[in-house]
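I have placed the structure first, in the form of structure tokens, so that the comments after it can refer back to it.
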Amino acid sequence: MTPTVSLQKKYLECWRLRKEFKTDNGLFVAVRDFTLNISEGEFVSIIGHSGCGKSTVLSMIAGLHELNGGGMVLDNHEIVGAGPDRAVVFQSPNLLPWLTALENVTLGIEQVQPKASESLRAEIALHWLNRVGLGKAANKKPAELSQGMQQRVGIARAFALQPKVLLLDEPFGMLDSLTRLELQDVLLDVWSTHQTTTLMVTHDVHEAVLLSDRVVMMTNGPAATIGEILSIPFERPRQRESLVETTEYMHYRDEILRFLEHPNEKAA
């Protein structure tokens, strides 16, 4: 493992990101000196204890939080504010309850393809709903869907935007264990086909090892930063059944657990 940044070709570049919040007790530094380069088509996870700034980093990249230091570049263009080149999936999919699953996905497509015909947008939306296994539920409204099905709609909506970067903020964190495993497999399947550059925040060690090319481990806050980075060299496409019982899988899992037991030992 190494705390240095990747030497791969840069696609998403984060340089010395810093985020501060004003509180009644003074200035609170949530994240400092967060430097990370992600290659096009790479799947990277950020893991760490609660309050370590994982979601803060994701929100900065999404353009939802202003920076207090550092800078970000995506595909050779500086990131300033939110944009359709970055699609975000949160724990809750935040679907519009008066629209069907198809209409919720189509709504996003309208923003990125305003000149496309209504029939084409619906065709694209249905394609992505089929990809996440919800084609037969396209005309159902959120209240008619389980929590896991709603999150499938959220994933379909994000991929339908065809973003340069997919940002996942603990997307399965509110789901029961069985549904979580099912959705991980859905994400693996869809991602393996399209290989959208992805940054995911998670607190689940198994999830990080199964899905990621690299796992970024954060030190505890305040002033959290990158402690170590672990490369996961498993070939793709990946199958859960063929990985989780292997010695190599257990090794990478244990390396992350070891870091999480003492996350600030190597902090600068």
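The values are calculated or read from the model by the stated rules, or taken from the named source; none is laboratory data. What you are looking at is a predicted structure, and each value in this text was computed from that prediction instead of being measured. Methodologically, a virtual Cβ is constructed for each residue, glycine included, from the backbone with ideal geometry; neighbour enumeration extends over all protein chains shown.
Some observations on this one:
- When residue 130 is tested against (1) surrounded by fewer than 16 Cβ atoms within 10 Å (Cβ to Cβ); (2) part of a helix (DSSP H, G or I); (3) in contact with a Phe, Trp or Tyr (Cβ under 7 Å, 6 or more places away or on another chain), only condition (3) is not met.
- Figure legend. Inter-residue proximity from the stretch 81-105: first residues of a type in the set (A, V, I, L, M, F, W, C), second residues assigned to a strand (DSSP E or B), beta-carbon distance below 6 Å, spacing 6+ or different chains. Indicated pairs: 87/166; 88/167; 89/168; 90/169.
- Condition met for residue 222 (under 30 Å from residue 70 (Cα atoms) and either touching a His at 6+ places or on another chain (Cβ under 6 Å) or crowded, with 21+ Cβ neighbours inside 10 Å (or both)): no
Every residue, every condition in (1) of a type in the set (D, E, K, R); (2) modelled with pLDDT under 90; (3) buried (at least 18 other Cβ atoms within 10 Å of the Cβ); (4) under 30 Å from residue 234 (Cβ atoms), yes or no:
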{"position": "9", "(1), (2), (3), (4)": "yes, yes, no, yes"}
{"position": "12", "(1), (2), (3), (4)": "no, no, yes, yes"}
{"position": "60", "(1), (2), (3), (4)": "no, no, yes, yes"}
{"position": "67", "(1), (2), (3), (4)": "no, no, yes, no"}
{"position": "73", "(1), (2), (3), (4)": "no, no, no, yes"}
{"position": "82", "(1), (2), (3), (4)": "no, no, no, no"}
{"position": "104", "(1), (2), (3), (4)": "no, no, yes, no"}
{"position": "107", "(1), (2), (3), (4)": "no, no, no, no"}
